[in-house]
Amino acid sequence: MSEQLRFRVLGDSLAAGVGCARVEQTPGHLLAEVLREAGHRVDLGVHAVSGARSTGLAAQVRATAPTGVDLALIVIGANDLTSFTPPAQGAALLHDAVADLRRAGGRVVVTTAPDLGVVSHVPPVYRSFVSQASGLYARAQADAVVRAGGVVADIGSHLHGRFAADPRLFSADRFHPSPAGYALIADALAPFVLAAADQRAA
């Protein structure tokens, strides 16, 4: 029997699955099931906190220490954008979190800040600007992740059009994804998570 894969999910409300009605609909649980179907024995730990910014990642990384980490998924950036965190600052904090998880022996997959230009609360006249700001922040994050030894799950371009065209992918607050939206996100993340798990097992 294969060794247990200690899979840890860190980040913000998108990592925690805010907008889901049941825990089984959240991204961590969806991806844990994907890993199990691929033959991994999974120990899932969700350390993500709703409302978290990159400043909170260090505490979440420390929370993984007692049980260890083989594979980590970080979803972070939306709250940094809404709080106008400078890209260099957020990227540096993300770099340190990824580097710490790598030193602890974990493979790390990161999905960067989403394009908030698709959110219906954003007035149409500002959507292009918000999308540009989101992209700038995400690129700074991606560079930091690679330098720290992590893997960037570049799913934004794949999902942007789907979320922009289908309001059913958003929950009632029109900001967080609905269960259908999370299922779409998990499907996009699955190849990156599986590849990282396979590398860990090799």
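The values are calculated or read from the model by the stated rules, or taken from the named source; none is laboratory data. No experiment lies behind these values; they were computed from the predicted model shown. These accessible areas exclude ligands, DNA and RNA; they are computed on the full protein's heavy atoms, side chains included. Shrake-Rupley method; radii C 1.70, N 1.55, O 1.52, S 1.80 Å.
Divide, for the range 158-202, the radius of gyration over alpha carbons by 2.2 N^0.38 Å, where N is the residue count. Could the numbers behind the result be given before it?
Numbers: Rg = 13.5 Å, N = 45, 2.2 N^0.38 = 9.3 Å.
The range 158-202 yields a ratio of 1.44.
Show that you can apply the helix-only estimate: for the chain, add -39,500 (n - 2.57) for every DSSP H stretch of four or more residues, divide by all residues, and state [θ] at 222 nm to the nearest 500. Please list the in-between numbers first.
Details: 8 runs with 102 residues, N = 202.
It lands at -16000 deg cm²/dmol.
Pairing the Cα long axis of helix 124-147 with the longest principal axis of the chain, what angle in degrees results, from 0 to 90 and rounded to the nearest 10?
It is inclined by approximately 20 degrees.
Find the percent of Cα-Cα distances in the range 124-202 that exceed 14 Å, and round it to a whole number.
Tail of P(r) above 14 Å: 72 percent of Cα pairs.
Can you list residues whose amide H is under 5 Å from VAL46's amide H, if they're 5+ apart or on another chain and H is modeled 1.01 Å from N?
The answer is VAL9.
Please state the equivalent ellipsoid semi-axes for the range 40-123: what are the square roots of 5 times the Cα gyration tensor eigenvalues, largest first, in whole Å?
Ellipsoid half-lengths, sorted descending, are 25, 14, 11 Å.
Based on alpha-carbon positions alone, could you give the equivalent ellipsoid semi-axes of the range 1-54 from the gyration tensor, as √(5λ), descending, whole Å? Could the numbers behind the result be given before it?
Details: eigenvalues 102, 32, 8 Å².
The equivalent ellipsoid of the range 1-54 has semi-axes of 23, 13, 6 Å.
Determine the distance separating the Cα centre of the range 34-74 from the Cα centre of the range 126-153; give it in Å without decimals.
Measuring centre to centre over Cα atoms gives 21 Å.
What angle do you read, to the nearest 10 degrees and between 0 and 90, between the alpha-carbon axis of helix 156-165 and the longest principal axis of the chain?
50 degrees
Output ³J(HN,Hα) for the range 71-88: one whole-Hz value per residue in order, computed from phi by the Karplus curve 6.51 cos²θ - 1.76 cosθ + 1.60 with θ = phi - 60°, and x for Gly and Pro.
Working through the residues one at a time gives 9, 10, 10, 10, 10, 8, x, 4, 6, 5, 5, 6, 9, 6, 5, x, x, 5 Hz.
Starting from the amide H of SER171, placed 1.01 Å from N in the peptide plane, find each other amide H under 5 Å away whose residue is 5 or more places distant or on another chain.
Those qualifying (amide H under 5 Å, at least 5 residues apart or on another chain) are HIS176, SER178.
For the chain, what % of the accessible area comes from carbon and sulfur atoms, probe 1.4 Å?
Of the solvent-accessible surface of the chain, carbon and sulfur hold 57 percent.
Any idea of the accessible area per residue across the chain, 1.4 Å probe, to the nearest Å²?
Solvent-accessible surface per residue comes out at 47 Å².
Which three lengths, in whole Å and largest first, does the range 47-96 cover when its Cα atoms are put on their principal axes?
Projected onto its principal axes, the Cα set of the range 47-96 covers 34, 20, 15 Å.
Mind listing the long-range amide H neighbours of ALA72? Cut-off is under 5 Å, sequence gap 5 or more, other chains count too, H placed in the peptide plane at 1.01 Å from N.
Distant-sequence amide H within range of ALA72: ARG8, ARG107, VAL108, VAL109.
Can you work out ³J(HN,Hα) from phi for every residue in the range 51-65, in order, using Karplus 6.51 cos²θ - 1.76 cosθ + 1.60 and θ = phi - 60°, giving whole Hz and x for Gly and Pro?
x, 5, 10, 4, 5, x, 5, 4, 5, 5, 4, 4, 5, 7, 4
Run the Debye formula on the Cα coordinates of the range 1-143, all scatterers equal and no solvent, and tell me log10 I(q)/I(0) at q = 0.09 1/Å.
-0.29
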